[in-house]
Amino acid sequence: MASAKPPQRAVVEDRVPGSVVDGGTDGAPGCVATAKLIPSCGAWWGVAPEVFAGRPPAQAIAAAEERMGRRADILHVYHRGGEPFPTPEERRLARKRILLINWKPSLDHTWAEIADGAIDDRIDRVARRIKRTLPERFFLTVHHEPENDVRPRPGSGMTAEDYAAMYRHVMLRLRERGVRNAVTVMTYMGAPNWASKPWFERLYPGDDVVDWIGLDPYADRRVNDFANLVDKTREDHAGWPGFYRWTQARFPGKPIMVAEWGAFERQDEPAFKVAFFNSVRRQIKGYPQIKALVYFDSPKAPRGDTRFDSTVAARRAFTELARAPYFSSTPVPDH
């Protein structure tokens, strides 16, 4: 396990109105969330439910919450290109949950073109829709996991510098058009082979447009517990210290969101998911900078089955994790 620094405490004078919890099962007494949605107690619990299963979000999140035995604090949804968002269904769901909206602004333009204004009309439409229909605070990440899309050749329009410029342009334009309730997340893959690239550090768009640092790790064959998941290293990339260690050093004042995480089914290790979920429950307190966990629940994830209830035992372990005090002590996300 990584040696952890003292917890980064929320600036409570910047708290969200109405977010103080008076105890009971919905949070610990005195827990608050800041305007940047940083909980002062524990960490948010979230899910991307039944991804690739074809069910509407409302049905998927209702089923997932029943399966895991609690309401999600965060609901992760995905949009691409000119898809209008938030949808009416997402707006209804946002009344009792925090939306994490994951947006790839264009599949037809390079990052450099977006930064130069190629889709400004689209960004403006998104801004108008958010202002008109979504009063709640929400998380927003733009073109998550950019590492494997980088083309480092100068002039490609897809360099690390182009990504940073694109991200800045989108976020600043949204703000200029009046979007003030978006809490921004810069979401990395965080894999050692990409994080060791000479351009990796140049992806970062700047502290003024990034509120949270995000990570999308999965429990592949190299991962046996939560500590390995968030601080994965590889012998062939010896210079990489692990994502949590790197974030502590690079962004000591920013909260970390594990924006996607999942455990793949292992046919030769049927008890793996149980052991892995139990490790999260045991080890999470050692990573106080992590302020949100958002599980990627899918029977058809690109590299396997990440359903948390693929077996009865896995479901039992996941439910115990979801109901752990560390995740049930957070404020009610009532904005």
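The values are calculated or read from the model by the stated rules, or taken from the named source; none is laboratory data. Values in this document were obtained by computation on a predicted structure and should not be read as measured data. Cβ: placed from backbone, ideal geometry, glycine included. Neighbour counts: every protein chain shown.
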Please specify each residue of region 147-178 satisfying the condition of being surrounded by fewer than 13 Cβ atoms within 10 Å (Cβ to Cβ) and touching a residue at least 24 places away in the same chain (Cβ under 8 Å).
148, 178
Hey, any hits in region 308-318 for a residue that's within 24 Å of residue 102 (Cα to Cα), in contact with a Phe, Trp or Tyr (Cβ under 7 Å, 6 or more places away or on another chain) and assigned to a helix (DSSP H, G or I)?
no
Are there any pairs, at least 6 apart or on different chains, whose C-beta atoms fall under 9 Å, with the first in region 51-65 and among the acidic types (Asp, Glu) and the second buried (at least 20 other Cβ atoms within 10 Å of the Cβ) and not in a helix (DSSP H, G or I), and if so, which?
65/47; 65/49; 65/72
Failed criterion for residue 331 (all others in (1) of a type outside the set (A, V, I, L, M, F, W, C); (2) in contact with a Pro (Cβ under 9 Å, 6 or more places away or on another chain); (3) under 17 Å from residue 221 (Cβ atoms) hold):
(3)
Pairs please, first residue from region 194-208 and assigned to a helix (DSSP H, G or I), second anywhere and hydroxyl-bearing (Ser, Thr, Tyr) and at pLDDT 95 or above, Cβ atoms under 7 Å, 6+ apart in sequence or on different chains.
203/163
Looking at (1) at pLDDT below 95; (2) closer than 17 Å to residue 42 by Cα; (3) of a type outside the set (Phe, Trp, Tyr), can you tell me which one residue 270 breaks?
(2)
Could you check, for region 157-178, whether at least one of its residues is part of a loop (DSSP other than H, G, I, E, B), more than 25 Å from residue 75 (Cβ to Cβ) and not polar (S, T, N, Q)?
yes
Filter result (surrounded by 23 or more Cβ atoms within 10 Å (Cβ to Cβ), of a type outside the set (Phe, Trp, Tyr) and within 17 Å of the chain's Cα centre (by Cα)) within region 292-335
292, 293, 294, 297, 306, 322, 330, 333
Out of the residues in region 215-257 meeting the condition of being part of a strand (DSSP E or B) and within 15 Å of residue 194 (Cα to Cα), tell me which one is modelled with the highest pLDDT.
215
Where in region 18-118 are there helices (runs of 4 or more DSSP H), lying fully within it, with 1 or more residues that are under 21 Å from the mean Cα position of the chain (by Cα) and modelled with pLDDT under 95?
57-68
